[in-house]
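The values are calculated or read from the model by the stated rules, or taken from the named source; none is laboratory data. This structure is a prediction, so every number in the text was calculated from the model and none was measured. So basically every Cβ, Gly included, is an ideal-geometry build from the backbone, and we count neighbours across all protein chains shown.
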Amino acid sequence: MAYHRRALRLRKNIFVALFGLIFAAFMLSSLAVAPAAHADEVGTDEYDYAISGFVKFQDEPLDGVLIKVEGNGYNAEVKTGADGKWKIGVPEAGTYTVTLVEDTLPEGVIVAEEGKDVAEVTFGQSKTKAMNFFLGQGERVTVSFFDQFLDRAFNGLSFGLLLALASIGLSLVFGTTGLVNFAHAEMLTFGAFMTFTFGPVLGFPIWLAIPIAVLLTGLFGFLNDYALWRPLRKRRVGIVQMMIVSIGLSITLRYLYQYIYGGQTEQLPGATGAEVITVGPISFTIVDVWSMSISIVLLFAVAFFLTRTRIGKATRAVSDNSALAAVSGINVERVTSIVWIISGLLAGTGGILWAYFRPGVNWDMGFQLLLLIFAAVILGGIGTAFGALVGSLIVGMFVELSTLWLPSDMKYVGALGILILVLLVRPQGILGRKERVG
C-alpha cells in the first residue's frame, strides 16, 4: 500500500507539472503572437479577406472603441486606433456581423440611429469590405450589473456543463490507467466532424447524424485503447513514455483532420441563426436549452453508473488500487475498455455541443479546450469523476463571469488564476483525497 501511495503521488505530481508546462507554453505563445498585430488591426497577416472601417463622432476619430466581427464560425474583436480606424482579417468570403460595442464609447456619445451599431457585411468579388460608424450625442441606456451578472452566469453554467462532459472522460481514464491523455481533445473534434460528415456531407438528418457520431466516438475510444494503449500496458511501458505517445497521437490526429477536412470552419445545421429567447435579463436560444438538457441527463447517467452499477463500482475499485481489484476477481482490462468507451461517448457529445456553442467545426477545436479541461480535472481532484464535474462548473462560471471585470480575451487566464489559488489552499483539489483517486 505504501508503494501504491507513492506511485499515486508521483502520478499526481507528473499531471500537475505537465499542466504547469502547458500553461507556461500557452502564455509564452500568447506573448509571442500578440505583438504581430497593431492595436487597431487583427488577423490581417493571417487571412486574405478583411473588413475595415473607422469610428467618428462629429468628424472626430474615436480611440479605443471595441469592434466585434462574427460569422462562418469565426469571431474576432479589435479596438480602434487613435485615428479611429480598425481592421479585422477573416478566414473566408461570406457574410459577417459587425458590432460596435456601445459600452466602450466615450461618455455622452451614442450610435446616431437605433440598430446602427450592428451591420452585416457580405463579400463579393473584392477581398476587402468597409464598415464605418458615424455617431451622435445623446443618452445611452445601460444594463445593470446585476442583469449582466445573471446573463453571464447562465452562459457560464451552460459552458461548465459542456466542459464537464469532456473532463469526466479524461478523469476516468487517468483514474483507471494513470495515463495523462493529451489526445483526449481530438476525440471531441472527432465527434464534431462525424456529425458534420453524416449530416451536411452525407445528407443524414441531424437528429440521426448526432447519435451515429456519438456511437462512433465511443468506438473510436475503444479502438484507441485496444490498438495502442493496451499493448503498451502489456509491455509495461512507463506512464511518462505513454504520455509522450499521447502527445504524438494528438498532433497526428489534429493534422490528419486538417488534411481530410481542410483548415476552414464548417457549420452544423441549426448552429447559427437560431431565434434568441429573452427571459428577464437572460438571453438564450433553443440550442442552448437542448445543450444544457443533454448535458444534465448524461451527467446524471454517469453518476448512476458509478454509484449504482457493478461495472461502475468496479471502475472505482480499479481507480483506487488496480492490483487489489485484480486480486479480488475484477477483470481490470475489461473495466478499462469500458472506461475508454464511456470516455469516447462523453467526449463525442461534448465536441458536438462545443460545435454548437462556438459555433463551428474545425480541425483544432478540441485542442482549444484542452487547457480548460486539464484545469477542471486538477481543480476538482485528479482522477475523480465528481471532482471533474465540480471543477468544470467552477471553471465555466468563472470564465464567463470574469468578463464583468476583465477584458474578454483574458477570461481563460482568469479561470487558471482561480485554479492556482485553490491549489494553494487544497493541493489535492476540491474533492481529491490523498489515499483515493476514484
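Here's a check for you: in region 43-67, which residue that is among the charged types (D, E, K, R) and surrounded by 14 or more Cβ atoms within 10 Å (Cβ to Cβ) is modelled with the highest pLDDT?
Only one residue tops the list, namely Asp63.
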Practice problem: State whether one or more residues within region 289-296 are part of a helix (DSSP H, G or I) and within 21 Å of Leu219 (Cβ to Cβ). | Solution: yes
Quiz item: Which residues, counting only those in region 304-322, are of a type in the set (A, V, I, L, M) and more than 16 Å from Leu179 (Cα to Cα)?
Solution: Leu306, Ile311, Ala314, Ala317
Practice problem: Could you name every one of the helices (runs of 4 or more DSSP H) located completely within region 137-237 that has at least 1 residues being in contact with a strand residue (DSSP E or B) (Cβ under 8 Å, 6 or more places away or on another chain)? | Solution: 145-177, 184-196
Quiz item: All but one of (1) modelled with pLDDT of 90 or more; (2) surrounded by fewer than 24 Cβ atoms within 10 Å (Cβ to Cβ) hold for Leu353; which doesn't?
Solution: (2)
Quiz item: So is Ser319 at pLDDT below 90 and crowded, with 20+ Cβ neighbours inside 10 Å or not?
Solution: yes
Practice problem: Report the residue count in region 73-94 for those that are modelled with pLDDT under 85 and part of a strand (DSSP E or B). | Solution: 2
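Please count how many residues of region 249-259 are touching a residue at least 24 places away in the same chain (Cβ under 8 Å) and either surrounded by 15 or more Cβ atoms within 10 Å (Cβ to Cβ) or of a type in the set (Val, Ile, Thr) (or both). Quick ask: steps written out before the conclusion?
We begin by selecting, within region 249-259, every residue touching a residue at least 24 places away in the same chain (Cβ under 8 Å); these are 249-250, 253-255, 257-258.
Retained after the next criterion (residues that are either surrounded by 15 or more Cβ atoms within 10 Å (Cβ to Cβ) or of a type in the set (Val, Ile, Thr) (or both)): 249-250, 253-254, 257.
Residues that pass the stated criteria total 5.
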